[in-house]
1. Once all Cα-Cα distances of region 42-105 are split into 5 Å bins that start at 0, what whole-number percent is in each one?
2. Assuming 0.36 nm per residue, please report the length gained on full extension of the stretch Glu138 to Glu57 beyond their Cα-Cα distance.
3. Treat each spin label as a single point 7 Å out from the Cα along the C-beta direction, and report the Asp117 to His67 distance in nm.
4. Could you give the nm distance between label points at Met127 and Arg86, where each point is 7 Å from its Cα heading toward the beta carbon?
Amino acid sequence: MFPLLFLRRATCCVSSFTVRSVYGGLTAGLFLACSGAEEPEAAPGAPIPCEVQQVLERNCLRCHGEHREYGAPYSFTSLEEIHRVRGSEPLYRRMFEALEDDFMPPVTLKVEPPVQDISDADREVLMEWTRAGAPEGEACQ
Ligand code: HEC
C-alpha cells in the first residue's frame, strides 16, 4: 500500500550499535543514518502487522496501552505513535533497545499479577520488526 516506506528502508544501510554503559542497563544507541534519508513516517492509520499487534498485547500493552500504567512512558497503540521521534530516535528503536537490554518487560516491577517475561518467540518477532524499521502490515481482522 505504501511501498515507499519499505523501499526507503530497504535501501537504507542501517548500521546501529549499542554501547553498554557502566551504569548497568543504560544503553546509548548510536545510529549512523544512511545517505541523508530522513526517518520515514508512518502514514496515519497504517496498520500494525497482526502478529506484532498480538505480541504487543501479550507483553507490552498492559502498561503501554491507551491508558498508560505504572508510570510507563509512551503508548504502543498505533504505528504512528511507534514511529514518533522520542528523544533523538523513533520510538521503535527505543523498543528494540529495551528488548535487547532485557530492560522490558520489567519483570522486577512489583505489581499484581507479576509481570511475565516475554517468550523467546515473541521477543524475536518484536526485535525483528523493530530492527526492520517497524513497517506496516496486515492488521488483525
Ligand atoms: C508492567 C508494566 C510494563 C510492561 C508490561 C512493559 N513496560 Fe515498558 N516501561 C514500563 C515502565 C514503568 C517504564 C519506565 C521505566 C523507567 O523509565 O525506569 C517503561 C519504559 C519503556 C521504554 C522506554 C525506555 C527508554 O528508552 O527510556 C520502552 C521503549 C519500553 N518500556 C518498551 C516496552 C516494550 C517493548 C514492552 C513489551 C515487550 C514493555 N515495555 C512492557 C512499564 C512496562
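Bear in mind that the values in this text are calculations on the coordinates, not laboratory data. The shown structure was predicted, so the numbers you read here are calculated from the model rather than taken from an experiment. Here Cβ is always computed from backbone atoms with ideal geometry, including for glycine, and neighbour counts include all displayed protein chains.
1. Here the calculated profile for region 42-105 is 4, 18, 27, 32, 16, 3, 0.
2. Working it through step by step, the gained length comes to 27.6 nm.
3. 3.1 nm
4. Those two pseudo-labels are separated by 2.0 nm.
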